[in-house]
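Below you'll find the structure, written out as structure tokens, and then a few comments.
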Amino acid sequence: MTGLLVIRPGALTTVQDRGRPGYAHLGVPRSGALDSAAYALGNRLLGNAPDAAALETTLDGVGLRPLAPVTVAVTGAPCSVRVSGRAVAWGAAVRLSAGAELEVGRAESGLRSYVAVRGGLAVPPVLGSRSTDLLSGLGPPVLSAGALLPVGSAGPDPAPGADACGLPGAPSELLLPLRPGPRADWFTEASLAGLWRAEFRVSAMSNRIGLRTEAGTPLVRRRPGELPSEGMVLGAVQVPPDGLPVVFLADHPVTGGYPVVGVVPPGPALDAAAQARPGIAVRFVRSR
């Protein structure tokens, strides 16, 4: 049997793929890997299908033991990678023998590392995806010690150096392009003008649902009351009553009643948000 035994689950390690878009009308979030570029790189390094499921770790990595020989690649947040105590390459395909212990260490910068395995993780799909959704509870459970992750079948390993594409490092300051609307008119003109000059900081309360901010100048509403709940999208920047923006990430709710001041387009900026540690500066840059 080909599988990975979880020796050390880490603080929060989940199975992720490209998510399950198209089910918002059923109340199901998109989910999927937060740092989509790092996830995609891991699969390319192994010659996997683009949607092969991998592991997403949070801050302190994971420990695994294969029951049969497998090939893995660790991408995302830079970290130490060891096989039975021996240092091996990060960001490259690494062959593991049966019974070897893979130890993916603490992130040296950034937050989330990705552990891809040749053939992908073959946990049962739900609505076409193997992603763990922390908000709805769909998909496989968060990793726990002793869990066994099945691995899919794979052909020959790819040639070394099949993908030498580099990715940007973890941000020291998070710059988020913001397209204003649809509810920017709920805030005073002074607040909107100040938004482009304000410096917020990433809150420790951030998670896969959303990046919360703190320590900045709160946005001030120009009108009282609340909105009826309306549809939310990836990258929506919602402003709760405390006036501090929340950037919705992959496990975001599909509806919400707080006004959305703008939307961060999917792409490199949201990938960077996935790697932004608590305390770093956040600035919004006006985008069209």
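The values are calculated or read from the model by the stated rules, or taken from the named source; none is laboratory data. Predicted, not measured: the structure shown is a model, and the values here were computed from it. Glycine also receives a Cβ, built like all others from the backbone with ideal geometry; neighbour counts cover every protein chain displayed.
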Run down Val104, Val117 and say which single residue is over 15 Å from Arg8 (Cα atoms), of a type in the set (A, V, I, L, M) and crowded, with 17+ Cβ neighbours inside 10 Å.
Val117
In segment 12-38, what count of residues is obtained for those that are β-branched (Val, Ile, Thr), at pLDDT 95 or above and in a loop (DSSP other than H, G, I, E, B)?
1
Which residues, counting only those in segment 131-147, are touching a residue at least 24 places away in the same chain (Cβ under 8 Å) and surrounded by fewer than 12 Cβ atoms within 10 Å (Cβ to Cβ)?
Ser144, Ala145, Gly146
Cβ pairs under 8 Å, 6+ apart, first in segment 226-248 and outside the structural domain of Pro180 (by TED's automatic domain parsing), second part of a loop (DSSP other than H, G, I, E, B) and surrounded by fewer than 23 Cβ atoms within 10 Å (Cβ to Cβ)
none
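This table checks each residue for (1) under 19 Å from Ser172 (Cα atoms); (2) in contact with a His (Cβ under 7 Å, 6 or more places away or on another chain); (3) in the same structural domain as Arg30 (by TED's automatic domain parsing); (4) surrounded by 14 or more Cβ atoms within 10 Å (Cβ to Cβ).
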site: Asp251; (1), (2), (3), (4): no, no, no, yes
site: Val263; (1), (2), (3), (4): no, no, no, yes
site: Gly267; (1), (2), (3), (4): yes, no, no, no
site: Leu270; (1), (2), (3), (4): yes, no, no, yes
site: Ala274; (1), (2), (3), (4): yes, no, no, yes
